[in-house]
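Notes for the one structure printed next.
The values are calculated or read from the model by the stated rules, or taken from the named source; none is laboratory data. What you see is a predicted model, and the numbers here were worked out from it, not measured in a lab. In this analysis, Cβ positions are derived from the backbone assuming ideal geometry, glycine residues included, and neighbour counts consider all displayed protein chains. Side chains are part of the model used for accessible areas, which takes the heavy atoms of the whole protein and leaves out ligands, DNA and RNA. Shrake-Rupley method; radii C 1.70, N 1.55, O 1.52, S 1.80 Å.
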Amino acid sequence: MTQGKLNIAIIPAAGIGARMHSDRAKQMIELGGVPLLVHSLRRFEDCDAVHQVILVLQPSLTTDVLGLISRHNLTKIGRVVAGGAERQDSVYRGLQVIKEEYAGIIVVHDAARPFVRPEEIRSVIERAANTGAALMAIAATDTIKQMKGGRVKRTLDRKRIYQAQTPQAFKYSIIREAYERAYADGFTATDDSQLVERIGHRVSIVEGSPINVKITRPFDLKLAEVIQAEFFEK
C-alpha cells in the first residue's frame, strides 16, 4: 500500500435475491444462525490488507444491518450507502463516496460469497497493486458449449475458459475510469472486470477456490451449509 492510501472494499448488498424464493433479502438469510452478509463482512474484517469497507444496502435494511454491525463488532465499516437499481449502480454509488486522495486498491466483493478466505482477498489485492487489475477465477471443468437458436454453435476450448468470482480488485483510477466510461456509453456489465477490460486494461487472474460459491438459489444454501460445517466450524 502506498503511504497514506487505504485499500477499500465495496460490498454491494442491495439486491433482492429473487431466485432464492425467500420472503427476506438473500443477504439476510441465516447460515449457522448468522446472516450471510455478516459471514462475508467477517472475511474482510479478518483481512489485514483491507482498511475500510463501504457497504451498499437496500435502504429498508439499514437499521437491521447497523444493529448487526454493532453486535458482531465489524469495525471496518466506514460508510453505509443506499444501493441502486442494479449491481453496477450500487458499486458506482460506493465508488462515488471514496475520496481519490485516500484511495489505494478498491476491492469489490459479492455479499453472497461468504466463503472467501482473508488470504485470498490479500492475494487479489497484491496482484492488483502490481498489475492494476485482478480477480479470482477458477478454471472450467465442464465442456463449454456456445449456443445459438437452441442449438450448439461451437464447443469452446475449456483450457482457455475461467469462471469469474469475486473479490475483484483495481487501482482506483482504473476502476473509476471504467465506470465513468460505461455510464457515458450506456454499457452494462455483469462484473467489474468486464468494465475494465472494455477500456483496454488487462485483468490478471488469481486462482480461485471451488468453495468460494455465490449463494443464488435454494440449492446453493444447502451447499453452503455443508461448506460451513466442513471448512469453517472445525
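With the full set of protein chains in place, find how many percent of the accessible area of the chain is carbon and sulfur; take the probe as 1.4 Å.
Roughly 47 percent of what the probe reaches on the chain is carbon or sulfur.
Using only the Cα atoms of the range 22-140, each taken as one equal point scatterer with no solvent, compute I(q) by the Debye sum, divide by I(0), and report log10 of the ratio at q = 0.09, 0.16 Å⁻¹.
So the normalised log intensities work out to -0.25, -0.82.
Test of understanding: extend the Cα→C-beta vector of residue 82 to 7 Å, then name every residue of the range 38-72 with backbone N under 18 Å from that spot.
Counting only backbone N, you get 55-66.
May I ask you to order 117-128, 75-86 by the average number of other C-beta atoms within 10 Å around their residues, highest value first?
Packing proxy ranking, top to bottom: 117-128, 75-86.
With a 1.4 Å probe and every protein chain left in place, tell me how much accessible area residue 87 has, in Å² to the nearest 10.
Surface accessible to solvent at residue 87 totals approximately 70 Å².
Restricting the count to DSSP beta bridges whose residues both fall in the chain, what percent are antiparallel, rounded to a multiple of 5?
Of the beta bridges lying entirely in the chain, close to 45 percent run antiparallel.
In Å², what does the accessible area per residue of the chain work out to with a 1.4 Å probe?
Roughly 52 Å² per residue, with all protein chains present.
Pull up the cross-link candidates among the lysines for residue 26, meaning alpha carbon to alpha carbon under 18 Å and not fewer than 8 places away within one chain.
Residue 26 reaches 214, 222.
How would 102, 179, 92 rank on accessible area, largest to smallest, probe 1.4 Å?
102, 92, 179
Pull out the extension gain between residue 233 and residue 216, defined as 0.36 nm times the separation in residues minus the alpha carbon to alpha carbon distance; nm, one decimal.
Going from the current span to full extension adds 3.9 nm.
Take the Cα gyration tensor of the chain, multiply each eigenvalue by 5, square-root it, and list the three semi-axes largest first, rounded to whole angstrom.
Semi-axes from the Cα gyration tensor: 25, 24, 18 Å.
Once you put a point 7 Å from the Cα of residue 156 and another 7 Å from the Cα of residue 180, both along the Cβ direction, what distance in nm separates them?
3.1 nm
Before anything else, pin down the relative contact order of the range 157-217: Cα pairs under 8 Å, at least 6 apart, normalised by residue count, whole percent.
This gives 30 percent for the range 157-217.
Quick one: net charge of residue 81's neighbours, Cβ under 13 Å, K/R +1, D/E -1?
Combined, the nearby Lys, Arg, Asp and Glu give +1.
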